[in-house]
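Read through the structure below, which is laid out as structure tokens, and then see the notes.
The values are calculated or read from the model by the stated rules, or taken from the named source; none is laboratory data. Here the structure is a predicted model, which is why all the values come from computation and not from measurement. Heads up, the Cβs are rebuilt from the backbone with ideal geometry, glycines too, and the neighbour counts pull from every protein chain shown. Remember, those area values only see protein heavy atoms, side chains included, never the ligands or the DNA or RNA. Shrake-Rupley method; radii C 1.70, N 1.55, O 1.52, S 1.80 Å.
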Amino acid sequence: MENYLEINYENNMKMLSEAIKCCEDNYSHENIIEVLKSDDDIKKQFCLIELKSINNQEEANILVHNLTNHSGPIRETSAFKIGELIFQNEYKKYFQTKEIIDSFVKAITDINPSVSRYTVEFIKNIDDVEYLYKRIIEEIIITLSKTDETVKNR
């Protein structure tokens with residue numbers, strides 16, 4: 001047990017050191033976007049917080065890519081940042097593709113309630129409401145069809 005505590009302590013201290021280093025570094029917009037494409041969760045979280053704008057569709061796609069299939073803190077910070085940006089008219093246009101809407105629909109049912117809550121709040125800014133409703137209904141049907149199976153497994 002003592003060895004586990006030492007290893008855990010060492011890992012925590014290493015992560016803390018990395019986080020402090022991130023805070024000390026100055027990241028350009030281009031650096032932030034590059035980090036968002038990477039697998040470095042510590043830097044990625046910091047860069048999501050520091051992201052102030054998106055300049056094109058590709059950057060919006062990179063941001064939304066972090067909304068699903070990543071660790072909880074990354075998904076949550078990404079959802080928060082999308083919510084911040086999508087409410088600004090100059091960025092709203094970047095969050096209207098069908099692929100992005102599909103990601104939003106998946107995020108609605110995220111196991112992390114903050115991700116779900118943020119997503120439900122910002123989907124109000126989707127222009128293609130018909131497509132959004134269609135995809136939400138499809139997702140509900142899938143979830144309901146798996147309910148019996150889930151109950152049996154538990």
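Laid out as a table, the results:
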read-out	value
Given (1) at negative phi; (2) of a type in the set (S, T, N, Q); (3) open to solvent by 10 Å² or more (accessible area, probe 1.4 Å), index of the condition N69 fails	(1)
Enumeration of residues in the stretch 52-66 that are open to solvent by 20 Å² or more (accessible area, probe 1.4 Å) and within 9 Å of the chain's Cα centre (by Cα)	H65
Identity of the residue in the stretch 80-99, among the aromatic types (F, W, Y) and open to solvent by less than 80 Å² (accessible area, probe 1.4 Å), that ends up farthest from E138 (Cα to Cα)	Y91
Criterion (buried (at least 19 other Cβ atoms within 10 Å of the Cβ), part of a helix (DSSP H, G or I), modelled with pLDDT under 95 and β-branched (V, I, T)) met by exactly one of I49, I20, I32, I7	I32
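For (1) among the hydroxyl-bearing types (S, T, Y); (2) surrounded by 11 or more Cβ atoms within 10 Å (Cβ to Cβ); (3) within 20 Å of L63 (Cβ to Cβ), each residue gets a yes or a no:
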| residue | (1), (2), (3) |
| --- | --- |
| I101 | no, yes, yes |
| N112 | no, yes, yes |
| S116 | yes, yes, yes |
| D128 | no, yes, yes |
| S145 | yes, no, no |
